[in-house]
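K.L.:
A single structure is presented below for examination.
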Amino acid sequence: MSDIVYLNGAWVPRHEARISPDDRGFLFGDGIYEVTPAYGGRWLALDRHLGRLARGATELGLQVPPGLEQLHAELLERNGLMTAPMAIVYLQLTRGTAPRTHHFPAEDTPVTLYAWAKTFSRPDPERWSKGWGAVTAPDQRWARADIKTVQLLPLVLAQESARRAGETDALLVRDGLMLEGAHNNVFFVLGDTLITHPASNQILPGITRGIVLELARAEGIPCCEAPMPLARLPEVSEIFFTGTTTEVRPTVRVNGEPVGDGRVGPVTRKIHEAFVARVERECGVPLPV
Ligand code: PDD
């Protein structure tokens, strides 16, 4: 399988791609990124992913180069992924290469644009039915978690704590509230209501989160965007994480304690079914397992 990446106007094999050590993404984490899924060569909500990128760029004063839709399409084509059951495109935009100063570089400094594509495997249904586990981890991020910056160190540390505990997801807690995962959003079922943290500066407004909220409302499931205190975890009957690479992932234990009865619950199943149906409708392919 070829692995051709895009870097600043050139298409090169990944192992030949080079950026300067003075790139501001490397020196300062001065950049943003997106991860967009394609099923059978068709995008799921590419417009929303590019919209979030544009919003982040505006917030940070970064220029978004034109032609990103075409770039996404070409990444799939050049890498033979048009018929892949599932693929993702990673795109990163930084404030370019310049002598190190904290303030912005000269206005004519070109941004660095790097993007690649690869196949992605969906979880097998048997594993899905058993569910996964999570650990709580402190949220140590800056005050603009709503911008998808490449400054991921707090999330790297949180995810590593999950891995060391032998679990799959990290549940970020700040000021006693369960906010989201290290690379996904989180939903709780409390009574008959589906709850997720409001889209504020404290979480990334996940594209999958938005789709899941739409699906839940269409299914008639009561939904509420509200803070969820860690102290109420014992009352929660179901938890699932959502994200581009996570899709809808049930969590049956947190810190070794069962969530509800410790099994994947009916609301999670309903949302997952609706999500699969949405992908099949939007991408025109039966979802591989
Ligand atoms: N992560 N929250 C955080 C902190 C994330 O990094 C992500 C995405 C999400 C889910 O967003 P979406 O549904 O738009 O993928 C929530 C990507 C996939 C990543 O870092 O690889």
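K.L.:
Looking at L62 and the list (1) open to solvent by 40 Å² or more (accessible area, probe 1.4 Å); (2) farther than 25 Å from P85 by Cβ, which single condition is not satisfied?
P.N.:
(1)
K.L.:
Looking at segment 1-47, which of the residues that are crowded, with 18+ Cβ neighbours inside 10 Å and assigned to a helix (DSSP H, G or I) is farthest from the chain's Cα centre (by Cα)?
P.N.:
In this case the residue turns out to be R24.
K.L.:
Give the residues of segment 120-162 that are of a type in the set (A, V, I, L, M) and either crowded, with 16+ Cβ neighbours inside 10 Å or within 16 Å of the chain's Cα centre (by Cα) (or both), sorted by residue number.
P.N.:
Step one: list which residues in segment 120-162 are of a type in the set (A, V, I, L, M), which gives 134-135, 137, 143, 145, 147, 150, 152-153, 155-158, 162.
Of everything in segment 120-162, those that are of a type in the set (A, V, I, L, M) and either crowded, with 16+ Cβ neighbours inside 10 Å or within 16 Å of the chain's Cα centre (by Cα) (or both) turn out to be A134, V135, A137, A145, I147, V150, L152, L153, L155, V156, A158, A162.
For (1) free of Cβ contacts under 8 Å to residues at least 24 places away in the same chain; (2) within 27 Å of P234 (Cβ to Cβ), each residue gets a yes or a no:
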| position | (1), (2) |
| --- | --- |
| L91 | no, no |
| T101 | yes, no |
| P110 | no, no |
| G133 | no, yes |
| A143 | no, no |
| R174 | no, yes |
| F187 | no, yes |
| L190 | no, yes |
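K.L.:
Which pairs do you get when a residue that is within 12 Å of the ligand (Cβ to nearest atom), found in segment 39-55, comes within reach of a residue that is among the aromatic types (F, W, Y) and open to solvent by 40 Å² or more (accessible area, probe 1.4 Å), reach meaning Cβ atoms under 9 angstrom, with the pair 6+ apart or on two chains?
P.N.:
H49/W43
K.L.:
Being in a loop (DSSP other than H, G, I, E, B) and either surrounded by 18 or more Cβ atoms within 10 Å (Cβ to Cβ) or among the basic types (K, R) (or both) is the filter here, so list the residues in segment 99-119 that pass it.
P.N.:
Of everything in segment 99-119, those that are in a loop (DSSP other than H, G, I, E, B) and either surrounded by 18 or more Cβ atoms within 10 Å (Cβ to Cβ) or among the basic types (K, R) (or both) turn out to be R100, V111.
K.L.:
Taking segment 90-102, which residues are within 14 Å of the ligand (Cβ to nearest atom) and of a type in the set (D, E, K, R)? Spell out the reasoning first.
P.N.:
Start the filter on segment 90-102 by keeping residues that are within 14 Å of the ligand (Cβ to nearest atom), which leaves 90-92.
Those that are within 14 Å of the ligand (Cβ to nearest atom) and of a type in the set (D, E, K, R): none in segment 90-102.
K.L.:
Just name the residue that is nearest to the ligand (Cβ to nearest atom) out of those in segment 252-269 that are part of a strand (DSSP E or B) and under 24 Å from P125 (Cβ atoms).
P.N.:
V254
K.L.:
Considering only segment 69-89, how many residues are open to solvent by 80 Å² or more (accessible area, probe 1.4 Å) and either of a type in the set (S, T, N, Q) or within 16 Å of the ligand (Cβ to nearest atom) (or both)?
P.N.:
2
K.L.:
Hey, could you check segment 218-251 for residues that are within 16 Å of the ligand (Cβ to nearest atom) and hydroxyl-bearing (S, T, Y) and say which is surrounded by the fewest Cβ atoms within 10 Å (Cβ to Cβ)?
P.N.:
T245
K.L.:
Here's a follow-up. With the requirement that a residue be open to solvent by 50 Å² or more (accessible area, probe 1.4 Å) and among the hydrophobic types (A, V, I, L, M, F, W, C), what does segment 163-187 give you?
P.N.:
Here is the first cut: in segment 163-187, the residues open to solvent by 50 Å² or more (accessible area, probe 1.4 Å) are 163-166, 174-175, 183.
Within segment 163-187, A165 is the sole residue that qualifies.
K.L.:
Suppose we filter R253, R278, R232, R263 for residues that are within 15 Å of A216 (Cα to Cα) and of a type in the set (K, R); which single one remains? Break it down into steps so the answer makes sense when it comes.
P.N.:
Numbers: R253 fails: within 15 Å of A216 (Cα to Cα); R232 fails: within 15 Å of A216 (Cα to Cα); R263 fails: within 15 Å of A216 (Cα to Cα).
Step by step, each of R253, R278, R232, R263 is checked, and only R278 is within 15 Å of A216 (Cα to Cα) and of a type in the set (K, R).
K.L.:
Out of curiosity, is G206 in contact with a Ser or Thr (Cβ under 8 Å, 6 or more places away or on another chain) and either among the aliphatic types (A, V, I, L, M) or within 12 Å of the ligand (Cβ to nearest atom) (or both)?
P.N.:
yes
K.L.:
Just to check your reading of the model, which residue among P198, P229 is touching a residue at least 12 places away in the same chain (Cβ under 8 Å) and either within 21 Å of the chain's Cα centre (by Cα) or on the phi > 0 side of the Ramachandran plot (or both)? Outline the logic, then answer.
P.N.:
Numbers: P229 fails: either within 21 Å of the chain's Cα centre (by Cα) or on the phi > 0 side of the Ramachandran plot (or both).
Testing whether each residue is touching a residue at least 12 places away in the same chain (Cβ under 8 Å) and either within 21 Å of the chain's Cα centre (by Cα) or on the phi > 0 side of the Ramachandran plot (or both) leaves just P198.
The values are calculated or read from the model by the stated rules, or taken from the named source; none is laboratory data. Remember, it's a predicted structure, so these values are computed and weren't measured experimentally. Ideal geometry is used to build each Cβ from the backbone, glycine not excepted, and the neighbour counts take in all protein chains shown. All accessible areas refer to the heavy atoms of the entire protein, side chains included, with ligands and DNA or RNA removed. Shrake-Rupley method; radii C 1.70, N 1.55, O 1.52, S 1.80 Å.
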